[in-house]
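The values are calculated or read from the model by the stated rules, or taken from the named source; none is laboratory data. What you are looking at is a predicted structure, and each value in this text was computed from that prediction instead of being measured. Cβ atoms come from the backbone with ideal geometry, glycine included; neighbour counts cover every protein chain shown.
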Amino acid sequence: MEKIFVTRPFLPPLEEFQEYLKKIWDSKWLTNNGQFHKELEQKLGEYLGVKYISLFSNGTLALITALQALKITGEVITTPFSFVATTHALWWNGIKPVFVDIDPNSFNLDPNKIEAAITPNTTAILPVHVYGNPCNVTRIKEIADTYGLKVIYDACHTFGVTIKDIPVLHFGDLSVMSFHATKVYTTFEGGAIVCHDESTKKRIDNLKNFGFLSETTVVTPGINAKMNEMQAALGLLQLKYVDQAIAKRKEIAEQYREGLKGIAGLTYLEDFPGVKQCYPYFPILIDKDKYGKTRDAVYEELKKHDIYGRRYFYPLISQLPTYRSMESAQPGKMPIAEKMAEEVICLPIFPDLSTKELNMIVSVMQNYKERKS
Ligand code: T4K
């Protein structure tokens with residue numbers, strides 16, 4: 001059997017992409033707000049239900065630029081349970097991350113613990129909708145409004161996620177998306193910032209293009225974070241298939257839940273009530289006392305069967321050398337995140353994962369529990 005990775009991109013038929021390539025070749029327009037870029041901004045905005053969206057070459061540059069766009073400085077409250085890019089974006093802006101623990105039922109920043117971390121230097125909150133599951137956006141807004149803080153959501157795991165039919169991207173001052181190859185919706189590398197008014201969009205577009213306002217006017221030291229025409233072309237094509245891809249992911253998540261439910265010591269998230277999800281990952285938690293083996297042992301056992309689960313998100317960002325000496329990162333300060341990081345493993349989930357492969361993964365989990373060593 002072939003290696004089973006944690007994720008695989010869902011690619012449209014090659015011939016369809018070739019048609020786009022031909023147009024790029026014919027036009028000789030490769031990047032810098034090209035035709036496909038313009039078309040994708042419009043169509044993606046429509047699909048996601050947002051009016052102002054700016055495309056980026058990747059999610060990390062979008063995060064860095066989002067912080068620049070709102071002129072965030074000082075301290076920002078964030079989660080340690082995320083991909084490193086979330087906190088690295090703060091570092092690149094010279095902002096001090098202040099880590100706060102997560103909620104065990106969502107793996108997202110725990111709003112009940114945010115207020116205690118606010119100081120006179122706090123300017124913003126940077127929560128992450130981890131695994132595509134929405135944060136407690138209502139409570140976070142209340143806190144932000146009370147203390148006059150900005151909210152930038154790292155929405156890199158979400159695509160088309162809604163809460164009671166409202167796009168999750170409507171919440172916060174800005175939301176940042178990633179369209180990396182490993183995401184539900186991909187443009188090879190790629191990303192976006194969603195904002196809520198035209199002047200903010202103009203500022204963001206300006207920042208991602210060196211700060212150019214016109215051929216000879218540079219208003220700010222912007223960066224180069226533009227999406228190119230190849231990326232935009234794949235994005236346009238992916239839009240045709242993304243509903244199908246998400247439906248398949250949902251089916252796989254349901255099959256996993258059904259298959260794993262009898263195995264003691266394993267827990268996983270159910271769908272959140274009222275939320276339309278996109279199933280980018282299938283995280284499970286392994287309670288070593290009840291399951292009888294540690295998460296790391298499971299990770300190795302899966303590998304022996306050519307199943308490459310990933311320990312997203314271990315180690316916690318706060319445990320990395322760059323951040324671990326910070327006061328908020330000290331061991332014991334975030335007990336839930338520390339526990340989750342030790343117990344979590346993401347099982348393979350992607351539209352082309354076959355039922356045979358899924359059943360094999362479930363059997364490995366079952367058999368390994370029953371094995372004595
Ligand atoms: N915020 C959050 C919350 C994020 O999760 C991320 C990215 C960001 C911000 C930053 O967005 P970007 O700047 O990346 O747009 C991967 C991705 O590189 C990263 O985008 C993602 N989060 C993170 C969670 O996962 P790695 O280092 O684990 O990826 P890698 O190369 O080991 O790939 C994982 C598996 O995917 C491979 O074993 C096989 C499969 N794969 C991968 C690639 C690249 C493919 O099948 N095809 C491919 O082309 O970081």
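For beta carbons closer than 6 Å, sequence separation of 6+ or different chains, a first residue in the range 322-335 that is in a helix (DSSP H, G or I) and a second that is surrounded by 14 or more Cβ atoms within 10 Å (Cβ to Cβ) and aliphatic (A, V, I, L, M), the qualifying pairs are S328/V98. Selection of the range 52-63 for residues being surrounded by fewer than 23 Cβ atoms within 10 Å (Cβ to Cβ) and either within 12 Å of the ligand (Cβ to nearest atom) or among the acidic types (D, E) (or both) yields S57, N58.
Mind listing just one residue for me: the one in the range 152-201 that is more than 8 Å from the ligand (Cβ to nearest atom), charged (D, E, K, R) and buried (at least 19 other Cβ atoms within 10 Å of the Cβ) and, of those, nearest to T87 (Cα to Cα)? Per the stated criteria, the residue is D173. The one condition from (1) in contact with a helix residue (DSSP H, G or I) (Cβ under 9 Å, 6 or more places away or on another chain); (2) surrounded by fewer than 23 Cβ atoms within 10 Å (Cβ to Cβ); (3) in a helix (DSSP H, G or I) that T31 does not meet is (3). Considering V218, V242, the condition of being surrounded by fewer than 16 Cβ atoms within 10 Å (Cβ to Cβ) and at pLDDT 95 or above is satisfied by V218 alone. Close Cβ contacts (under 6 Å, 6 or more residues apart or on different chains) running from residues in the range 303-316 that are in the same structural domain as P283 (by TED's automatic domain parsing) to residues that are away from the ligand (no atom under 11 Å from the Cβ) and assigned to a strand (DSSP E or B) comprise G309/I345; G309/L347; R311/I345. Among the residues of the range 75-85, those that are buried (at least 24 other Cβ atoms within 10 Å of the Cβ) and farther than 19 Å from C346 by Cα comprise V76, I77, T78. Which residue pairs have Cβ atoms under 8 Å apart, sit 6 or more places apart or on different chains, and have a first residue in the range 106-118 that is assigned by TED's automatic domain parsing to the domain that holds E142 and a second that is crowded, with 17+ Cβ neighbours inside 10 Å and among the small types (G, A, S)? Partner pairs satisfying both residue conditions: A117/S328.
Every residue in the range 118-140 that is crowded, with 18+ Cβ neighbours inside 10 Å and over 22 Å from S328 (Cα atoms), please. Of everything in the range 118-140, those that are crowded, with 18+ Cβ neighbours inside 10 Å and over 22 Å from S328 (Cα atoms) turn out to be Y131, G132, N133, P134, V137. Checking each residue in the range 356-373 for being exposed (fewer than 11 other Cβ atoms within 10 Å of the Cβ) and either under 27 Å from the mean Cα position of the chain (by Cα) or within 20 Å of R295 (Cβ to Cβ) (or both) picks out E370, R371, K372, S373. The set of residues from the range 302-321 being touching a helix residue (DSSP H, G or I) at 6+ places or on another chain (Cβ under 8 Å), away from the ligand (no atom under 13 Å from the Cβ) and in a helix (DSSP H, G or I) comprises S318, Q319.
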